[in-house]
Every structure is written in structure tokens, then in C-alpha cells.
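K.L.:
Quick one: the structure is below, questions incoming.
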Amino acid sequence: MAKIDAFFQLMHDHKASDLHLVSGQQPAIRIRGDLERIKYDVLNNDTLKVLLYEITPEHKIKQFEETGDVDFAYEIPNLARYRANYFQQKYGIAAVFREIPQKISTCADLGMPSVVSKLALLPRGLVLVTGPTGSGKSTTLAAIVDEANRLRKDHIITIEDPIEFVHKSKSCIVNHREVGIHTKSFSAALRGALREDPDIILVGEMRDLETTALAIEAASTGHLVFATVHTTSAVKTVDRVVEIFPESEQLQIRSTLADGLRAVLSQVIFKRVDDSRMDSNGRCVALEILIANSAVRNLIREQKTYQIPSMMQAGKKYGMQMLDDAIMDLYNRGWVSGEDAYLKSNEKGRFRPLLKYPPTDFTEA
């Protein structure tokens, strides 16, 4: 047992989502969205480096010492997996660990609308899950892939950096590939996946032009592709995907994306305020859902993505919903505070009446 495992056990016992170990500071864990210090000595650089290197693969140590940053996964059997990130900062080494539960929550467990689980049964196309870092994108994707794993008889390939949720093959064959260990890059793995008889491909992140182009191509050639993008709304996601391409290619990629896109889920995570109905870590998610029906696809082709929100308002029968509507629903259930709802909403004016003391924000003027 590594010495650092005691921190992970403490983190698990307190249902914390993250562990922060920083040279020059006491350790801290994030509980229900807030960082709380652990009663422990201030960590110095040399002590922390020994603690961290004990669980770090040799090639990852080499990479870290060459670049100052590294990502990898660490697993404690019968406890959990952890996504690790090491980085150098002013006072020495630092690390952040995110707990990845061994038990994969279902869409129902997460309180997702029924249309989300139906995405697992799509025959082909591109499904994008978006949101800021730490908003639960990986958890949502894991639930959808688990649904496919239980209900389909297909081949699922995941390409991640690092591997997060581990799916045991059920009705499907599931193969996990980690960038840097099992493949050189997302794009190399995607190119190879097209020759590996896949039905479903999960791309951990569409982070560059080549990966994005290959993901769209795979979705357009009969595969079901799930991927994440760091954007804050469905409309911005479509625009971001198009804008990553050179201007000369954007007209063509709009058409290809319109043909292949099936859905965009854009999510924001909240700290729950009701102690009686908390989930495992006291968090809940508001989802914006865009279903790419024929009308939405035409708007993408015609460069009229600014009209998509009105299409979403009218498309509730397809399972579409705006982010602010989802946030208001969480507020009305008593799950989130008015202050949190206001801060994370798009239309601030709609949520100002919920606040006893509305803030004065000149950026909203």
C-alpha cells in the first residue's frame, strides 16, 4: 500500500470529488464543491515528490520532468480509480486527483431526462457532451456507454487520456485505449479504430482539428461517436466545431456536421442545498439538450445557428430543453440556491427576482 493511499481513503470516506496536494500548503479535498483543508502538516516539495512518485509510472515521471505537466490514472482495487494531474508551480510540485467511482451510475441514477438514455441506441451519428472542466461530462458519457453496453450487441472502443470509467464487457465487447500508452494520439487511435470493426467510438476530447475531422468522418460513415468539447452551450458547441477548421473548409464541414450530428448535451454542475435528497457527492446537473432534427440540421447548413435556441424552445416534444429551463426546474425542486442559479444561468434577468440582494454586475449592463 502506497503512503498516499491514506489520503485517497480519507477522500473516499468524506465523499470528496478531488484531492489537492501542493508544495508549501496543507492538503485539501473538495466536498460538495468547496475546498476544505485537511489537518496535516504543510507539504514541502521533496516530501511531496517522494509521495507522488511512489505511484507514478516511470515513463510518466520522465514526461513530467521534461514538460512540467502529466496526466495518468491510478487505481486502488475495491476503492476507486483516480485521474491524476501533476504540474510544477512557483513553490514546487503540485497534484490534483479526481475520484472516478468504480460503480457506473445509470442515466436514471443521475436523474437524466429519458431522451439521454435513448442516445445509446442510436444507429450512427455524432453526440457531443459539453461543459466546463469538472461539470461531470465523463460521468454522463459513462452512463450512456453503460446503457449501450447492456442493451446492444456491438463493439465499443473508448479513446481517453487517461482512461477514466472502466466498462466491463456485457452484451458488447468493450476495448479501452489510453493515449500515450496504447496509442500515440487521439487522431492516431481514431484512424486505427475505423479498421477495428467498431460500432460505437468514445473520444475523450475533440481537442484538435485532426481529431475533430476524424470524429465527424466516423460519424458520417455509419458509426456512433460520442465525444466531449469544452463549450458552455449547444449553439456555441456547433460554432466551435466549425471554427476549428480553416475558413476555406468551413462551408463543407457545416454540411458534413449537419448530416452527422445527432445531439448536443451541455451541462452545468451545482452544489445541492437539500441534505435529505443528496446524491453520492451532494451535486446535481442542469442539462441543455439539443436534438439535431431536420430543422436544426438545416440551420447548421445555412449558417443560422443563432436561430437554434428558438428551435429548441419549440422542440420540447423531441426532448430538447434550454439550460435556463433546466436550472429553474432544479431551483423549483429546492435542489439549488437562487444565488447559484443566478450565477450559472444565461439570462440573468430571469433569475434576479430569486435573490434577496441582487448583485450589481456592470458586465451584465
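Please treat every number below as a calculation from the coordinates, not as lab data. All values derive from a computational prediction rather than experimental measurement. Neighbour counts are summed over all protein chains in view; Cβ atoms, including those assigned to glycine, are modelled from backbone coordinates with ideal geometry.
K.L.:
If contacts are Cα pairs under 8 angstrom and at least 6 residues apart, what is the relative contact order of segment 5-101 in percent? If you can, show how the numbers build up before the last one.
P.N.:
Numbers: 169 pairs, mean separation 25.6, N = 97.
Taking the mean separation of contacting Cα pairs over the length of segment 5-101, I get 26 percent.
K.L.:
How big is D, in µm² s⁻¹, for the chain by Stokes-Einstein at 37 °C and 0.692 mPa s if Rh is the Kirkwood radius over C-alpha pairs?
P.N.:
Values: Rh = 21.9 Å.
Translational diffusion coefficient: 150 µm²/s.
K.L.:
Another one. Skipping prolines and chain starts, which residues have an amide H placed within reach, meaning under 5 Å, of the one on Leu261, given they are 5 or more residues away or on another chain?
P.N.:
Leu126
K.L.:
May I ask you to sort Thr183, Thr47 by Cβ crowding, counting other Cβ atoms within 10 Å and putting the fewest first?
P.N.:
Working: Thr183 18, Thr47 14.
Ranked by crowding around the Cβ, least crowded first: Thr47, Thr183.
K.L.:
Follow-up question, since we're still on this one. Arrange Arg195, Arg81 by Cβ neighbour counts within 10 Å, fewest through most, would you? Please report the intermediate quantities before stating the final value.
P.N.:
Values: Arg195 7, Arg81 21.
Lowest to highest Cβ neighbour count: Arg195, Arg81.
K.L.:
Treat each spin label as a single point 7 Å out from the Cα along the C-beta direction, and report the Thr47 to Thr106 distance in nm.
P.N.:
4.7 nm
K.L.:
Check Ile38: other-chain or 5+ apart residues with amide H under 5 Å from its amide H, H built from backbone geometry?
P.N.:
Placed amide hydrogens put Ala28, Ile29 under 5 Å from Ile38.
K.L.:
Using the basic label-point model (7 angstrom from Cα toward the beta carbon), what is the Asn78 to Ala295 distance in nanometres?
P.N.:
5.6 nm
K.L.:
Which three semi-axes in whole Å describe the equivalent ellipsoid of segment 80-188, each the square root of 5 times a Cα gyration tensor eigenvalue, listed largest first? Write down the numbers at each step before the final one.
P.N.:
Working: eigenvalues 149, 59, 34 Å².
Taking √(5λ) for each Cα gyration eigenvalue gives 27, 17, 13 Å.
K.L.:
From the backbone phi of segment 338-345, what are the Karplus-calculated ³J(HN,Hα) couplings (6.51 cos²θ - 1.76 cosθ + 1.60, θ = phi - 60°) in whole Hz, Gly and Pro given as x?
P.N.:
My calculation for segment 338-345 gives x, 5, 5, 4, 5, 4, 9, 7 Hz in order.
K.L.:
With the dipole of the chain worked out from charges on the C-beta (+1 for Lys and Arg, -1 for Asp and Glu) around the Cα centre, which of Met206, Leu126, Leu354 lies farthest toward the positive end?
P.N.:
Leu354
K.L.:
I've got another one for you. Work out how much length Gln89 to Gln26 would gain on full extension: take 0.36 nm times their residue separation and subtract the Cα-Cα distance, in nm to one decimal. Don't skip to the end; give the middle numbers.
P.N.:
Details: separation 63, 0.36 × 63 = 22.68 nm, distance 1.52 nm.
Full extension from Gln89 to Gln26 adds 21.2 nm.
K.L.:
Given Cβ point charges of +1 (Lys, Arg) and -1 (Asp, Glu) and nothing else, what value in debye, to the nearest 20, does the dipole of the chain about its Cα centre take? Can you show the working numbers first?
P.N.:
On the way: 46 positive and 48 negative charges, 187 e Å.
Around 900 debye, computed over the chain.
K.L.:
Something else about it: Out of all DSSP beta bridges with both ends in segment 114-351, state the antiparallel percent to the nearest 5. If you can, show how the numbers build up before the last one.
P.N.:
On the way: 10 of 36 bridges.
Rounded to the nearest five, the antiparallel share is 30 percent.
K.L.:
Is segment 5-101 rounded, prolate or oblate when judged by the Cα gyration tensor, a ≥ b ≥ c being the square roots of its eigenvalues, rounded requiring a/c under 1.5 and prolate requiring a/b larger than b/c? Provide the component values of the computation, followed by the final result.
P.N.:
Values: a/c = 1.85, a/b = 1.23, b/c = 1.51.
Note, shape of segment 5-101 comes out oblate.
K.L.:
What is the gain in length, in nm to one decimal, between His230 and Ser114 on full extension, counting 0.36 nm per residue of separation less the C-alpha to C-alpha distance? It would help to have the intermediate numbers written out before the result.
P.N.:
Numbers: separation 116, 0.36 × 116 = 41.76 nm, distance 2.39 nm.
Full extension from His230 to Ser114 adds 39.4 nm.
K.L.:
Test of understanding: extend the Cα→C-beta vector of Glu243 to 7 Å, then name every residue of segment 186-211 with backbone N under 18 Å from that spot.
P.N.:
Counting only backbone N, you get 206-210.
K.L.:
A further question on this structure: Could you identify which residue out of Asp161, Asp197, Asp71 has the top mean-square fluctuation in a GNM of the chain using Cα springs shorter than 10 Å?
P.N.:
Looking only at Asp161, Asp197, Asp71, the biggest GNM fluctuation is shown by Asp197.
K.L.:
In deg cm²/dmol and to the nearest 500, what is the mean residue ellipticity at 222 nm of the chain if only DSSP H runs of at least 4 residues count, each as -39500 (n - 2.57), divided by the residue total?
P.N.:
Numbers: 14 runs with 125 residues, N = 365.
Estimated from H runs of four or more residues: -9500 deg cm²/dmol.
K.L.:
Greater than 19 Å separation of Cα atoms is the criterion. Which listed pairs, Lys103/Lys344; Lys3/Lys137; Lys90/Lys271; Lys15/Lys118; Lys137/Lys344; Lys236/Lys271, meet it?
P.N.:
Working: Lys103/Lys344 29 Å; Lys3/Lys137 30 Å; Lys90/Lys271 31 Å; Lys15/Lys118 30 Å; Lys137/Lys344 16 Å; Lys236/Lys271 25 Å.
Correct reply: Lys103/Lys344; Lys3/Lys137; Lys90/Lys271; Lys15/Lys118; Lys236/Lys271.
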